[in-house]
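Worksheet for the structure shown next.
The values are calculated or read from the model by the stated rules, or taken from the named source; none is laboratory data. Treat the numbers as computed from the prediction; the structure is a model and nothing was measured. Cβ placement follows ideal geometry from the backbone for every residue including glycine, while neighbour counts extend to all protein chains displayed. Accessible surface areas use protein heavy atoms only, side chains included; no ligands, DNA or RNA. Shrake-Rupley method; radii C 1.70, N 1.55, O 1.52, S 1.80 Å.
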Amino acid sequence: QVHLVESGGGLVQPGGSLRLSCAASGFTFSDYAMSWFRQAPGKEREFVSAISWNGDRTYYADSVKGRFTISRDNPKNTVYLSVNSLKPEDTAVYYCAGVQVIAGSWAEESTYDYWGQGTQVTVSS
């Protein structure tokens, strides 16, 4: 079965940092583009970042540019999101997602076939 398992979330103070991980299994990870989305309480799920199959292209939402960094380690079947200079508005459940073929927008939920269960990031003093 296909699994995407996020980890690395937690409670941090404003200005703090975390490194989120997403471990993949059940599909050929190196053939897939990967992404991160997030959903805050009472809000729609929103695009955060995406990375191509070999890491040569990355994309970021305007709200996280310069603060977050996406990366991947294909031999480890893992995609990462380093979240830095965190703000209270970054508080959300962070989800990873994957798709083999990008036909439309990197930033649309419907683009992706596989989703994890999410990891909670809470930014509070």
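Points worth noting:
- Surface exposure of region 81-125, expressed per residue as accessible area with a 1.4 Å probe, stands at 49 Å².
- Each residue of region 89-97 was assigned a 3J(HN,Hα) from its phi angle through the Karplus expression (A = 6.51, B = -1.76, C = 1.60, θ = phi - 60°), giving 6, 7, 4, 4, 8, 9, 10, 9, 8 Hz with x at Gly and Pro.
- Choice from Ala61, Ala24, Ala50 with maximal GNM fluctuation in the chain (Cα, 10 Å cutoff): Ala61
- Set of region 56-91 residues, backbone N closer than 19 Å to the point 7 Å along the Cα-Cβ line of Glu46: 59-70, 81-91
- Residue (of Ala40, Gly16, Gln100) at the positive-pole extreme of the chain, dipole from beta-carbon charges: Gly16
- For the chain, carbon and sulfur atoms together expose 45% of the accessible surface, with a 1.4 angstrom probe and every protein chain in place.
- Pair Glu89, Val2: separation of 7 Å Cα→Cβ label points (nm): 3.3
- For the chain, a/c is not less than 1.5, where a ≥ b ≥ c are the root eigenvalues of the C-alpha gyration tensor, and a/b tops b/c. That puts it in the prolate class.
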